[in-house]
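Comments concern the structure below.
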């Protein structure tokens, strides 16, 4: 959330995925948004029970971060927690 606070010009999109079978749910995603303050104007949360969104981006675990420029070009895709210095450098 800190990156979103520091960079209001960048839209942050979180994609939750899964079903109750793997311990995930839409209610869990909504609770995450509230509990972690992911309610800033530049943040969006999507939820996909099919995992197709993760598959299309090659996401195999969480956390994972992917950065796109304003033209939709992928700047980076990496597993693990967001490294703020690397993300800031990628966005210039």
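The values are calculated or read from the model by the stated rules, or taken from the named source; none is laboratory data. Just so we're clear, the structure is a prediction, and the values are computed from it rather than from any experiment. Quick reminder, even Gly has a Cβ in these numbers, built from the backbone with ideal geometry, and neighbours come from all protein chains shown.
Here is how the numbers come out for the structure above:
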quantity: Residues that are out of contact with any helix residue (DSSP H, G or I) (no Cβ under 7 Å at 6 or more places or on another chain) and surrounded by 13 or more Cβ atoms within 10 Å (Cβ to Cβ), drawn from the range 6-16; calculated: 7, 11, 14
quantity: Search result, residues across the range 17-36 that are surrounded by 13 or more Cβ atoms within 10 Å (Cβ to Cβ) and part of a loop (DSSP other than H, G, I, E, B); calculated: 18, 24, 25
quantity: Which numbered condition residue 13 fails, given (1) part of a loop (DSSP other than H, G, I, E, B); (2) in contact (Cβ under 8 Å) with a residue 12 or more places away in the chain; calculated: (1)
quantity: Condition check for residue 3: surrounded by 11 or more Cβ atoms within 10 Å (Cβ to Cβ), modelled with pLDDT under 85 and in contact with a helix residue (DSSP H, G or I) (Cβ under 6 Å, 6 or more places away or on another chain); calculated: yes
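Let's see how each residue does on (1) exposed (fewer than 14 other Cβ atoms within 10 Å of the Cβ); (2) touching a strand residue (DSSP E or B) at 6+ places or on another chain (Cβ under 9 Å); (3) in a loop (DSSP other than H, G, I, E, B); (4) modelled with pLDDT of 85 or more:
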| site | (1), (2), (3), (4) |
| --- | --- |
| 44 | yes, yes, no, yes |
| 59 | no, yes, yes, yes |
| 65 | no, yes, no, yes |
| 72 | yes, no, yes, yes |
| 78 | no, yes, no, yes |
| 87 | no, yes, no, no |
